[in-house]
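Engineer: Please find one structure pasted underneath; my questions will follow.
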Amino acid sequence: MRTSTKLKLAYVALAAADTALAGSRRPWAHRVRHVTKPLLLPALGSALATDPRAARSPLRTTTLAAQVGGWGGDVLLLGEGERAFAAGATSFGVGHLAYLSGFLRHRDRRTPITASRTARVIGGLWAASGPVVAAKAAGRDPRLGATLLGYSALLAAMAAAASHLDPALPRDARLLSAAGGAMFLASDAVLGARTFLLPDAPERLESVVMATYTGAQLLLAEGAARAGR
């Protein structure tokens, strides 16, 4: 078994454990997440870095950079309060910028991204939800509202770009990247609703956030690896 495969399996195991822990109200579960959550993206990044399929991938470097930003967000969001949330969102935003730069560099140049039906749907969903969540966040802290508005717009742009890749890239790489971007959107939609719109949301929603988030990162990494074929 390749080293990259072993590391990917380790990531899947960590993701399953952290997803289960995230939905628990028990204090010990939160403490254990200070171990499982920070290990997620180092395991996935190491899997991508050692994957021989990714050696020639045009998305390898930007995906690894995005995973560093995501790791920072994972660690910062283990903290409590608005400041920790804003810092985590900022770190994830840096990661989305890295993803976005790679996707735009290797976009489908035959048609503008605004002509893509998927991109228009993503833009419409953001327009209907992003400002609402940002306004709720601004009620707690105006700076947090501005941070979330910019972050959500950046995430929507990343997901739209992931769905509009160059047809010269392998089809499975394009499909996986698009699915990863869409799943990231879903994960953050649940997180935003749980945090700012549903004050009495069940703890189990955090498991939904982590399941979709870890799935999104895996899909994006696998798309980047397969783009090197």
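The values are calculated or read from the model by the stated rules, or taken from the named source; none is laboratory data. Fair warning: this is a prediction, and the values are worked out from it, not measured in the lab. All Cβ positions, glycine included, derive from the backbone under ideal geometry; neighbour counts span all protein chains shown. Ligands, DNA and RNA are excluded from the accessible area calculation, which covers all protein heavy atoms including side chains. Shrake-Rupley method; radii C 1.70, N 1.55, O 1.52, S 1.80 Å.
Engineer: Hey, for a label at A49 modelled as a point 7 Å past Cα toward Cβ, could you say which residues of the stretch 60-91 have their backbone N under 18 Å away?
Structural biologist: 60-75
Engineer: Let me ask another. Residues of the stretch 131-180: accessible area per residue at 1.4 Å, in Å²?
Structural biologist: 42 Å²
Engineer: Order the peptides 213-226, 55-68, 128-141, 193-206 from the highest to the lowest mean number of other Cβ atoms within 10 Å of their residues.
Structural biologist: 213-226, 55-68, 128-141, 193-206
Engineer: What does the net charge come to around M158 if you take all other residues with beta carbon closer than 14 Å to its beta carbon, with K and R at +1 and D and E at -1?
Structural biologist: +1
Engineer: Calculate the spin-label point distance for E203 paired with R143, positioning each point 7 Å from the Cα along the beta-carbon direction, and give it in nanometres.
Structural biologist: 3.1 nm
Engineer: Under a Cβ-Cβ cut-off of 10 Å, what is the net charge of the residues other than S57 that fall near it, where Lys and Arg count +1 and Asp and Glu count -1?
Structural biologist: In short, +4.
Engineer: I've got another one for you. What does the helix-only formula give at 222 nm for the chain: each DSSP H stretch with n ≥ 4 adding -39500 (n - 2.57), the total divided by the residues, and the result rounded to the nearest 500 deg cm²/dmol?
Structural biologist: Only helices count here, giving -26500 deg cm²/dmol.
Engineer: Enter the Cα centre distance for the pair the stretch 29-79 and the stretch 137-158, rounded to the nearest angstrom.
Structural biologist: 23 Å
Engineer: For the chain, what % of the accessible area comes from carbon and sulfur atoms, probe 1.4 Å?
Structural biologist: Reported share for carbon and sulfur atoms: 64 percent.
Engineer: In debye to the nearest 20, how big a dipole does the chain give about its Cα centre with +1 on each Lys and Arg Cβ and -1 on each Asp and Glu Cβ?
Structural biologist: 620 debye
Engineer: Can you give the log10 of the normalised intensity I(q)/I(0) at q = 0.19 Å⁻¹, computed with Debye over equal Cα scatterers of the stretch 1-153?
Structural biologist: -1.26
Engineer: Please compute the net charge surrounding V32, taking Lys and Arg as +1 and Asp and Glu as -1 over other residues with Cβ under 12 Å from its Cβ.
Structural biologist: Result for the local shell: +3.
Engineer: Still on this structure: Restricting to Cα pairs below 8 Å that are 6+ residues apart, what does the relative contact order work out to for the chain? Please round to a whole percent.
Structural biologist: The normalised contact order for the chain reaches 26 percent.
Engineer: Hey, another quick one. Hey, can you grab everything whose amide H is under 5 Å from the amide H of L165? Only 5+ residues off in sequence or another chain; H modelled, so Pro and N-termini drop out.
Structural biologist: Under 5 Å from the amide H of L165: D108.
Engineer: If you bin every alpha carbon distance in the stretch 100-207 into 10 Å steps from zero, what whole percent lands in each bin?
Structural biologist: The percentages, shortest bin first, are 15, 40, 29, 14, 2.
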